Amino acid sequence: MHPLQCVLQVQRSLGWGPLASVSWLSLRMCRAHSSLSSTMCPSPERQEDGARKDFSSRLAAGPTFQHFLKSASAPQEKLSSEVEDPPPYLMMDELLGRQRKVYLETYGCQMNVNDTEIAWSILQKSGYLRTSNLQEADVILLVTCSIREKAEQTIWNRLHQLKALKTRRPRSRVPLRIGILGCMAERLKEEILNREKMVDILAGPDAYRDLPRLLAVAESGQQAANVLLSLDETYADVMPVQTSASATSAFVSIMRGCDNMCSYCIVPFTRGRERSRPIASILEEVKKLSEQGLKEVTLLGQNVNSFRDNSEVQFNSAVPTNLSRGFTTNYKTKQGGLRFAHLLDQVSRVDPEMRIRFTSPHPKDFPDEVLQLIHERDNICKQIHLPAQSGSSRVLEAMRRGYSREAYVELVHHIRESIPGVSLSSDFIAGFCGETEEDHVQTVSLLREVQYNMGFLFAYSMRQKTRAYHRLKDDVPEEVKLRRLEELITIFREEATKANQTSVGCTQLVLVEGLSKRSATDLCGRNDGNLKVIFPDAEMEDVNNPGLRVRAQPGDYVLVKITSASSQTLRGHVLCRTTLRDSSAYC
C-alpha cells in the first residue's frame, strides 16, 4: 500500500482533527521512505534554500507519530473566539499570507460558490490578497465538482493549462502554488497527488479552515492534504466574503452533507453526513447581508429542507418528522430539533424587502407547514425545485429515491393547490442503470404532465463508491443515453415554453441584476419564479416618489409587463420602480 494511502486510513480510524492531516505525516514518512523522494520530498535544489532547511530541522525535532496516537481523543468543541496554536513544526508567522495573491476558480453547484466565499474569508484573515488576474497570482485554487465525469475532466484539462503557467514562472517571483479544493479533492485524493505533481495542496469540503497551514507546508516544497470529513463542521462562525461588490443576491449555507444515499449520488461520499447550522448563526448572516443592501438570499444545502437544528436542547424532544405524503426515507426517521419551516419563518422576518429562496430540496421534505408558509409570506419566492430524476417508478426504486411516480405527481398537485401560480423546476437523469425504452417514455410523459418552468437534465454518469457502482450495471450504451437526453431536452423546452407563455400579458415583479449580456440597451433581472426577464433600459416612474423619473439600478424592484416568452426567458417593458411590499397591489 502507498504510504500516503496508509496515512489516510490511519487518520480516518483515529478521527484526527485537521492539524493531524496528511501533510505532516507524509513529511515525516519522506525521511524514512527514500523511494518517495521524487514525488513527495523537496528537490535537491529546494533543499539548498536556507529557510527550507530551517523548516526541515524544525520538522525533525517536532512531534513523533506516537504524539498523535496519544492525543487522538475525540476533538473538543472550540469557541469561535479561540485562537488555535500553530502546529509544532510551524511558526505563527509562517501561517500568514504575507500579501500573496490568491486566484479562485469555481466549478459546479451553488454550494461551491458559497464554499469559495468561505475559503476566501479564511485566507483573507490570514493576510492573503485576492486577485482576478491569473497571471499575477501566487496561489491558484480550484473549487471543484465531482457529480459527473465531465465535471472532473474539466478540472484535469484545466490543470494541464496551469502546468505551463507554473513551468514558466520566473525564478525572481515566489513559487506558484496550485490547490484543488472541494468534492474532487475528497473523492480522488491520492490520484490527484500522484497523477499531477504540480498540485501542491488538497483540501476537502470540511478542511477549509486548514488552508493557511496547508499553504505554509507547501512553501517547503511538500505536497499537503487534508481531506478529512467532519460530523459537525458547518463553518457557522465564518462569515463568507461576497465575491462581487455589485451583487444583489447571496447564497447562505444552512446545512452540509446528505443522508439520503440515492444509489447514483456521490454527494454523501464527498460532503459527508447531514449536519445543520444553528439558526442563530444563519439569522446573523442574513441580517448582515440585509445591512449590506442585498435584496435576495438563497438558503443552500445538499438536502436543504431536511434542515434540523439540534443545538437548542429544549427543542430536542421526540417530535416525529413530517414527510410529504407517500414518501419514505432510506434512514431511520429522525426526531426533534428545529426544522426547516421554523428557519424559513425566522429568515423571512429579517427583512420584508429581501427575497428568500432555497435549494436544493428533496421532495420527501415538503410537509404542509412549509407549503403554507411559502404561500403566506410575500418575500418567500413562489418557486420550488422538485427533483424527480425519472418518471418511472421502477427506475425510482433502483435509484432509492423513496417515492413512486404516483406519489410524486400527487405532491405536484398538492403544491399547486397550496401555492397558486407556483413555478416548478426539476432534475432528470437519462439512461440510469437498467433504464428501458418504456422507462424513458414514462419520463417523457412526466415532463409533459407536470410542464416545468425550468429543468436540469443530464445523461447518467456512474461514480465510484456509490451504491449503483457496487450493485448495479451501467448497461445503457452512451449513444442511447445521449439520444434519450436530447429527447428529454426537446420535450422540456416545448412544455416550458407553453408554461412560460401563460405569463404573457401579466405584470411581474422583477429584481434587477444589471445589463443584459446580449444587449447594452437592455436590463436583466429575475422574477419570483427565478426566470430571467429582459426589458429595455428606459426611464420610469418611482411609485414611492410620484413625478420622479428614474432608471433602474441593480438591486431595484421593478414592475415589468411581459410581452413574450421562451423556454428560458421572458421579455417585457418596464412600468415603474416599486418595493416588494407595494408590488402585491399590481401583480
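The values are calculated or read from the model by the stated rules, or taken from the named source; none is laboratory data. These figures come from a predicted structure and were not determined experimentally. Neighbour counts are summed over all protein chains in view; Cβ atoms, including those assigned to glycine, are modelled from backbone coordinates with ideal geometry. The protein model used for the area step is the full one, side chains on, heavy atoms only, and it has no ligands, DNA or RNA in it. Shrake-Rupley method; radii C 1.70, N 1.55, O 1.52, S 1.80 Å.
Can you give me the long-range amide H partners of Ser426? Hydrogens built in the peptide plane at 1.01 Å from N, cutoff under 5 Å, separation of 5 or more residues or another chain.
Leu386, Met454, Gly455, Phe456
Run the numbers on segment 506-583 and let me know its relative contact order in percent, using alpha-carbon pairs under 8 Å that are six or more apart. Don't skip to the end; give the middle numbers.
On the way: 187 pairs, mean separation 24.6, N = 78.
Result for segment 506-583 is 32 percent.
For Cα pairs less than 8 Å apart in space and 6+ apart in sequence, what is the mean separation divided by the residue count of segment 92-226, i.e. the relative contact order in percent?
Details: 219 pairs, mean separation 34.1, N = 135.
Answer for segment 92-226 is 25 percent.
Ignoring ligands, DNA and RNA, what percent of the 1.4 Å accessible area of segment 317-382 is carbon and sulfur? List each step's numbers first, then the result.
On the way: 1300 of 2730 Å².
Reported share for carbon and sulfur atoms: 48 percent.
Please list the non-local residues whose amide H lies under 5 Å from the amide H of Ala250, H modeled 1.01 Å from N, same-chain partners needing a gap of 5 or more.
Distant-sequence amide H within range of Ala250: Glu296, Val297, Thr298.
So how do 105-118, 328-341 stack up, highest first, on mean other-Cβ count within 10 Å? Intermediate results must be reported in sequence, preceding the final value.
On the way: 105-118: 20.6, 328-341: 16.0.
The densest-packed peptide leads the list: 105-118, 328-341.
Give me the number: length gained by fully extending Val480 to Lys465, i.e. 0.36 nm times residue separation minus the C-alpha to C-alpha distance, one decimal in nm. Can you show the working numbers first?
Numbers: separation 15, 0.36 × 15 = 5.40 nm, distance 2.43 nm.
Length gained between Val480 and Lys465: 3.0 nm.
On full extension of the chain, what length is gained from Leu231 through Arg168, given 0.36 nm per residue of separation minus the C-alpha to C-alpha distance?
Values: separation 63, 0.36 × 63 = 22.68 nm, distance 4.16 nm.
Between Leu231 and Arg168, full extension yields an extra 18.5 nm.
For Val543, Val412, write out the residues from largest to smallest accessible area, computed with a 1.4 angstrom probe and no ligands counted. Can you show the working numbers first?
Working: Val543 40, Val412 0 Å².
From most exposed to least exposed: Val543, Val412.
Heads up, I need the accessible area for Glu397: 1.4 angstrom probe, whole protein in place, Å², nearest 10.
Counting only protein heavy atoms, the figure is 150 Å².
Rolling a 1.4 Å sphere over the protein heavy atoms, what is the accessible area per residue of segment 92-226, to the nearest Å²? All intermediate terms of the calculation are to be shown ahead of the outcome.
Working: 5000 Å² over 135 residues.
Per residue, segment 92-226 has an accessible area of 37 Å².
Can you tell me the accessible area per residue over segment 506-583, all protein chains present, probe 1.4 angstrom, in square angstrom? Working shown, then result.
Numbers: 3710 Å² over 78 residues.
That works out to 48 Å² per residue.
Could you go through segment 492-509 in sequence order and give the Karplus-derived ³J(HN,Hα) for each residue, using 6.51 cos²θ - 1.76 cosθ + 1.60 with θ = phi - 60°, rounded to whole Hz, and x for Gly and Pro?
Rounded to whole hertz, the list is 4, 4, 4, 6, 5, 4, 4, 5, 6, 5, 5, 7, 4, x, 8, 9, 10, 7.
Could you give me the ³J(HN,Hα) list for segment 418-433, computed from phi with Karplus coefficients 6.51, -1.76, 1.60 and θ = phi - 60°, whole Hz, x at Gly and Pro?
6, 10, x, x, 5, 9, 10, 10, 7, 10, 9, 10, 9, x, 5, 3
Leaving out ligands, DNA and RNA, and with a 1.4 Å probe, what % of the accessible surface on segment 506-583 is carbon or sulfur?
Numbers: 1650 of 3710 Å².
The C+S portion of the solvent-accessible surface of segment 506-583 is 44 percent.
In whole percent, and with a 1.4 Å probe on the protein chains, what portion of the accessible area of segment 92-226 is carbon and sulfur?
After summing per-atom areas, the C and S share lands at 49 percent.
What ranking, highest mean first, results for peptides 377-383, 194-200 when packing means the other Cβ atoms within 10 Å averaged over each residue? Don't jump to the answer; show the numbers that get you there.
Numbers: 377-383: 19.6, 194-200: 17.4.
By packing density, highest mean first, the sequence is 377-383, 194-200.
What are the ³J(HN,Hα) values, in whole Hz, obtained from phi via the Karplus relation 6.51 cos²θ - 1.76 cosθ + 1.60 with θ = phi - 60°, for each residue of segment 571-585 in sequence order, with x given for Gly and Pro?
10, x, 10, 6, 9, 6, 8, 8, 10, 5, 5, 6, 5, 4, 6
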